[in-house]
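> Dropping the structure in here first, questions after.
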Amino acid sequence: MSGKPKLHYFNGRGRMEPIRWLLAAAGVEFEECFIETKDYLTKLQTDGSLLFQQVPMVEIDGMKMVQTRAILSYIAGKYNLYGKDLKERALIDMYTEAMMDLSELLMSYPFQPEDKKEQHLANAVDKAINRYFPVFEKVLKDHGQDFLVGNQFSRADVQLLEILLMAEECKPDILAKFPLLQQFKAKTSNIPTIKKFLQPGSQRKPLPDEKDIQKARKIFF
Amino acid sequence: MAGKPKLHYTNGRGKMESIRWLLAAAGVEFEEEFIETKEDLEKLRNDGVLMFQQVPMVEIDGMKMVQTRAILSYIAAKYNLYGKDLKERAWIDMYVEGTTDLMGMIMYHPFQPADAKEKNLALIIERATTRYFPVYEKALKDHGQDYLVGNKLSWADIHLLEAILMAEECKPDILSAFPLLQAFKGRTSNIPTIKKFLQPGSQRKPQTDEKFVAIVRKIFNF
């Protein structure tokens, strides 16, 4: 038994990607078991491995953890990426919850029906530029520090970088009006564990292509 | 200045209800300011008090907290309803995410188009009885204790009670196959702070009706 966390999901980003990011940023090696067919998902469901019949599922520290947020909170708590006290945690939670809302919008874009895609993208970009990015730009401006909360690297920084890169995939110049976010992106990308994760050959997953989308539809829908 | 938490939301359950439950269960008195019109929401937005232009927003301990889960986590931790260590916290988080998913389905049900309602209700009942309740029934069976995690009242228990009562509003006999959940419901409802919250006249909000759906659609524009 390796002792490394083991991730169960399909071979794509989806809801597992923030977990891959956080483990990688924390310098934690992990294994992955990919769900390639509906039959395999059914097998996991019937053998009792999935508390609510759903993935992501992560085997970690003797638990079969499910629910993305629960998993992220556990990892962040374990590797000291969750602030130093309750109030810092509160800020981190507020920021990361908003990032997850934006991430839902961005993540679901490739799965929209063709006739809805353009409107969906426009809405996602609008929310990114007018609702979410200004908040994080202001946070960085107000305290002038490198990290979002408590002058210390936290899960909020990892998730912010992930979201900035996802947003740029949708619209390459989306950070045009946010100089501090651009700086944040560059600095955070250079943190050694993160730099490694951003290299080709890492466990970071690419944007889904048509084939991946069809596969996901077959397995999950 | 009151010092009591102040809740900003519409005068109905929605995403704020779980927060009301948790504060009440923790024995914390709170005030509420209701958003009655679109203009009320615009004013909050223009005043810059909503970090992401959204409610729920709770003024607590000098913060204007937003994002339901962030608020719930803060309250749970502050009032010792979040387990004693990281692993208990992990279990509480997993259980709460399950009940959040179930209650989310129930919360959105009144907003479904008329022709989808019947199917949606059937799905809610199926999920409750085959995906969610069996998990909590088994958890209680396996350890034989009164509470879900760590033999102590936690956020997970309060959230489960709320979910059970909401599910019963959908189908009164929905717990018929779950004897331990029935016992859990009886016991947990009798905890003094919770018993008080379940009394008429408390800040607990009633089921969402047609009238409230119309108000919400107007205020939030959907």
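The values are calculated or read from the model by the stated rules, or taken from the named source; none is laboratory data. Quantities reported herein were computed from a predicted structural model and do not represent experimental measurements. FYI the Cβ positions are ideal-geometry reconstructions off the backbone, even for glycines, and counts take in every protein chain you see. Note: areas computed on protein heavy atoms with side chains; ligands, DNA, RNA excluded. Shrake-Rupley method; radii C 1.70, N 1.55, O 1.52, S 1.80 Å.
> Looking only at B:His143, B:His109, B:His159, which one moves most when chain B is put into a Gaussian network model with springs between Cα atoms under 10 Å?
B:His143
> In whole angstrom, how far apart do the alpha carbon centroids of region B:1-29 and region A:167-221 sit?
If you average the Cα positions of each part, the centres end up 38 Å apart.
> With the full set of protein chains in place, find how many percent of the accessible area of chain A is carbon and sulfur; take the probe as 1.4 Å. Can you show the working numbers first?
On the way: 5460 of 10470 Å².
The computed percentage sits at 52.
> Using just the C-alpha positions of region A:86-190 as equal point scatterers, what log10 of I(q)/I(0) does the Debye formula give at each q in 0.12, 0.18 1/Å?
For region A:86-190, the Cα-only Debye profile gives -0.39, -0.83.
> Just checking the output field for B:64-74: average partner chain Cβ neighbours within 10 Å of each residue's Cβ? Let's see the in-between values first.
Details: counts 1, 4, 3, 9, 1, 7, 10, 4, 1, 9, 7.
Whole-number average of other-chain Cβ neighbours for B:64-74 is 5.
> Ok, one more. Grab the alpha carbons of region A:1-82, take their convex hull, and tell me the volume per residue in Å³. Display every interim value, and only then the final one.
Working: hull volume 7.4 nm³, N = 82.
So the per-residue hull volume is 90 Å³.
> Please compute one quarter of the surface area of the Cα convex hull for chain A and express it in square nanometres. Intermediate values should be presented prior to the final figure.
Working: hull surface 50.5 nm².
Over all viewing directions, chain A projects a mean Cα-hull area of 12.6 nm².
> What do you get when you divide the Cα radius of gyration of the protein assembly as shown by 2.2 N^0.38 Å, with N the number of residues? Intermediate values should be presented prior to the final figure.
Values: Rg = 21.7 Å, N = 443, 2.2 N^0.38 = 22.3 Å.
Against the compact-globule rule of thumb, the ratio is 0.98.
> Moving to a separate point now. Viscosity 1.002 mPa s, temperature 20 °C: Stokes-Einstein D of chain B from its Kirkwood Cα radius, in µm² per second?
Working: Rh = 18.3 Å.
Approximately 117 µm²/s, per Stokes-Einstein.
> What does the accessible area per residue of region B:86-190 come to in Å², with a 1.4 Å probe and no ligands, DNA or RNA counted? Numbers along the way, then the final one.
Numbers: 4520 Å² over 105 residues.
Dividing the accessible area of region B:86-190 by its residue count gives 43 Å².
> Can I ask one more? Once amide H atoms are built 1.01 Å from N in the peptide plane, which residues 5 or more positions from B:Tyr9, or in another chain, come under 5 Å H to H?
B:Glu33, B:Ile35
> On to the next question. Of the candidates B:Thr100, B:Thr37, B:Thr129, which one comes out as most mobile in a Gaussian network treatment of chain B with C-alpha springs shorter than 10 Å?
In this elastic network of chain B, the residue with the biggest mean-square fluctuation among B:Thr100, B:Thr37, B:Thr129 is B:Thr37.
> Dividing the convex hull volume of the Cα atoms of region B:86-190 by its residue count, what figure in Å³ per residue is obtained?
Details: hull volume 9.7 nm³, N = 105.
Hull volume normalised by residue count: 92 Å³.
> Name the residue farthest towards the positive end of the dipole of the protein assembly as shown from the options A:Tyr109, A:Pro56, A:Tyr132, assuming +1 on Cβ of Lys and Arg, -1 on Cβ of Asp and Glu, about the Cα centre.
Projecting each Cα onto the dipole axis, the largest value belongs to A:Pro56.
> While we're on this one: Farthest toward the dipole's positive end in chain B, which of B:Thr100, B:Leu123, B:Gln112, given Cβ charges of +1 (Lys, Arg) and -1 (Asp, Glu) about the Cα centre?
About the Cα centre, the residue reaching furthest to the positive side is B:Thr100.
> Separate question: Mind giving me the nanometre distance, one decimal, between the label points for B:Glu118 and B:Glu31, set 7 Å out from Cα along Cα→Cβ?
4.9 nm
> For chains A and B, what's the summed buried accessible area, probe 1.4 Å, to the nearest 100 square angstrom? Don't skip to the end; give the middle numbers.
Details: alone 11860 and 11870 Å², together 20960 Å².
What A and B bury together is about 2800 Å².
> Now for a separate question. Please work out the Cα center distance from region B:55-130 to region B:172-222, rounded to the nearest Å.
A separation of 13 Å, based on Cα centres.
> Quantify how strongly other chains surround peptide B:75-85 by giving the mean number of their Cβ atoms within 10 Å of each of its Cβ atoms. Show your work: numbers first, answer last.
Working: counts 1, 0, 4, 3, 0, 0, 0, 0, 0, 0, 1.
The shielding value for this peptide is 1.
> Could you compute the net charge surrounding A:Lys211? Neighbours are other residues with a C-beta less than 13 Å from the C-beta of A:Lys211; K and R count +1, D and E count -1.
Values: positive: A:Lys215, A:Arg217, A:Lys218; negative: A:Glu36, A:Asp209, A:Glu210, A:Asp212.
Once positives and negatives cancel, what remains is -1.
> Can you list which of the trypsin sites (Lys or Arg not before Pro) found in region A:133-221 are DSSP loop residues with at most 14 other C-beta atoms within 10 Å?
Details: sites: A:Lys138, A:Lys141, A:Arg155, A:Lys177, A:Lys185, A:Lys187, A:Lys195, A:Lys196, A:Arg204, A:Lys211, A:Lys215, A:Arg217, A:Lys218; in loops: A:Lys177, A:Arg204.
Here the sparse-neighbourhood loop sites are A:Lys177.
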